[in-house]
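Chemist: To start, I am sharing the structure in question, which I have written as structure tokens.
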């Protein structure tokens, strides 16, 4: 039996007993699943337990340990700028490396698309996730994407098949988790620990240390002081989870994702790039705490025995949001989107009328309302092909106050390949920086500002590989991880 210790929210020390389970990895070491002890230990007994020497494990016979650090929404250019100003000294040790550079996100440039591409090592056309939402083609009901919509195995399951063991903390779009021989803590869109952790007993332990999956961005959207305070809180609980789950070294792959930079970016991105922004000092105070946690991870990595490898990746870039652009308003004005009634909310896709020829879903996904795909659709495939060409020309010329709005219009069939490519949007729009594309229902104007200050970009995505390999997208980073453990990426989805 091994013992971990941690501080609970009240500050007292509680012991977590680790119970051995009956399987081993390729390292030749047993793995452990946490189980909360029934009572706290204190005094001499506690000291005797926590001061035991750490178990000795034989070096890997097959692959070095791999540590993956996820930095949600961190733009390469912003990281460079803040490091150059001396504001992020720990991250600067990475940014100054020739192995640190920018990569590109998979399209659309959203977190569930790109984190899923990473943890399945497959493109959206294979795993089937194309946005935060998906619409049922028969009922027209809109659903938020989660792990039940992911097709194919995860890299964690692939590692298990080869006898390797992964620990994963705060991975977006991994809930509801499915049972596997790995230790999993899912992130957003999970709202509670129930169904978001494996093994289930881990949920109680994390609750005891005050772990929460997500900051309250609903209240934080209109209260910057509260948002920053809550981001400090979630950042602290990530560190407690790291300190609890790392030390036994009973793992081959450790995933640790920090999503706080994305939340900060959505509501206070200008404070990171504008020297005189009223919230700059508080935003930088948070980034100082964030950088300290980066340093903590780097120190733990440094102390690992060789051989080892470190990957650091964001899932998309970020820039200042100038205008939200509602594509459905434009489609209505063009006579292409018709609603059968007043939408009950901006998400009310069930208001789409059979007369509709095209509609949009966030962020820049346009679907042609064909009869072969949608229950109410009337377009033939020939009509859809003609409309697709017309939309591409019209949207490519869209301007706002003389500025071009759309950078690229991609055909879905050109972007996506694989068993789930039939779920893809017909058109995927990439905006010019500053224009955040939306697909809302019932808005009364095409342009506007609705509280968010920052938006995702498909480029300028932070990446580092201690080996300096040439991955270009999150999918390829996932494939690098599989390659590290001798697993061919081509077997995915087989």
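Chemist: For residue 381 and residue 179, compute 0.36 nm times the residue count separating them, minus their Cα-Cα distance, and round to one decimal in nm. Could the numbers behind the result be given before it?
Modeler: Values: separation 202, 0.36 × 202 = 72.72 nm, distance 4.15 nm.
That works out to 68.6 nm of additional length.
Chemist: Using only Cα atoms, locate the centre of the range 131-154 and the centre of the range 441-494, then give the distance between them in Å, rounded to an integer.
Modeler: Result: 19 Å between the Cα centres.
Chemist: According to a simple spin-label model (label point 7 Å from Cα along Cα-to-Cβ), what is the distance in nm between residue 399 and residue 151?
Modeler: Output for this residue pair reads 4.2 nm.
Chemist: Going by the alpha-carbon gyration tensor, a ≥ b ≥ c the square roots of its eigenvalues, is the range 182-252 rounded (a/c under 1.5) or, if a/c is not under 1.5, prolate (a/b greater than b/c) versus oblate?
Modeler: Numbers: a/c = 2.71, a/b = 1.81, b/c = 1.49.
Here the range 182-252 falls in the prolate category.
Chemist: For residue 218 and residue 449, calculate 0.36 nm times their separation in residues minus their Cα-Cα distance, and state this gained length in nm to one decimal.
Modeler: Details: separation 231, 0.36 × 231 = 83.16 nm, distance 1.63 nm.
Extra length from residue 218 to residue 449 when fully extended: 81.5 nm.
Chemist: Where the centre of each part is set by its Cα atoms, how far does the range 189-237 sit from the range 397-438, in angstrom?
Modeler: 33 Å
Chemist: May I pose another question? Please work out the FRET efficiency for the pair residue 161 and residue 97, using the Cβ-Cβ distance as r and a Förster radius of 35 Å; give the result to the nearest 0.05.
Modeler: On the way: r = 33 Å, r/R0 = 0.94.
The computed FRET efficiency comes out at 0.60.
Chemist: Still on this structure, please answer the following. Using only helices, what value at 222 nm comes out for the chain when you add -39,500 (n - 2.57) per DSSP H run of length 4 or more and divide by the total residues, to the nearest 500 deg cm²/dmol?
Modeler: Working: 15 runs with 155 residues, N = 494.
About -9500 deg cm²/dmol.
Chemist: Okay, next question. Just to confirm my numbers, what's the Cα centroid distance between the range 332-348 and the range 239-312 in Å?
Modeler: Here the two parts' Cα centres lie 42 Å apart.
Chemist: Using label points projected 7 Å from each Cα along Cα→Cβ, tell me how many nm separate residue 304 and residue 140, to one decimal.
Modeler: 5.1 nm
Chemist: What number, in percent, do you get for the relative contact order of the range 165-266 if the mean sequence gap of Cα pairs under 8 Å and at least 6 apart is divided by its residue count?
Modeler: Details: 158 pairs, mean separation 30.4, N = 102.
Averaging sequence separation for qualifying contacts and normalising by length gives 30 percent for the range 165-266.
Chemist: While we're on this one: Counting alpha carbon pairs within less than 8 Å and at least 6 residues apart, what relative contact order, in whole percent, applies to the range 252-397?
Modeler: Details: 100 pairs, mean separation 15.9, N = 146.
Computed value for the range 252-397: 11 percent relative contact order.
Chemist: Using a/c under 1.5 as the rounded threshold, could you call the range 64-167 rounded, prolate or oblate? The axes a ≥ b ≥ c are square roots of the C-alpha gyration tensor eigenvalues, and prolate needs a/b larger than b/c, oblate otherwise.
Modeler: Oblate is the answer for the range 64-167, as a/c is 1.5 or above yet b/c matches or exceeds a/b.
Chemist: What would the Debye formula give as log10 I(q)/I(0) at q = 0.08, 0.09, 0.11, 0.12 Å⁻¹ for the alpha-carbon point model of the chain, no solvent?
Modeler: Scattering profile of the chain, log10 relative to I(0): -0.51, -0.64, -0.95, -1.11.
Chemist: Please label the shape of the range 153-224 as rounded, prolate or oblate, based on the square roots a ≥ b ≥ c of the eigenvalues of the alpha-carbon gyration tensor (a/c under 1.5 means rounded; beyond that, a/b larger than b/c means prolate, else oblate).
Modeler: Working: a/c = 2.99, a/b = 1.95, b/c = 1.53.
The shape class here is prolate.
Chemist: Moving to a separate point now. Please give the contour-minus-distance gain from residue 414 to residue 281: 0.36 nm per residue of separation, less the Cα-Cα distance, rounded to one decimal in nm. Write out the running numbers ahead of the final one.
Modeler: Working: separation 133, 0.36 × 133 = 47.88 nm, distance 4.48 nm.
Difference between extended and current length: 43.4 nm.
Chemist: Please state the relative contact order of the chain as a whole percent: Cα pairs under 8 Å, 6+ residues apart? If you can, show how the numbers build up before the last one.
Modeler: On the way: 1061 pairs, mean separation 119.1, N = 494.
In percent, rounded to a whole number, it is 24.
Chemist: Quick check: the angle from helix 111-120's long axis to the longest principal axis of the chain, C-alpha only, nearest 10 degrees?
Modeler: The answer is roughly 50 degrees.
FYI, it's all coordinate maths here, none of it is from the lab. The model shown is predicted, which means the values in this text are computed figures rather than measured ones. Using ideal geometry, Cβ is built from the backbone for each residue, glycine included, and neighbour counts are taken over all protein chains shown.
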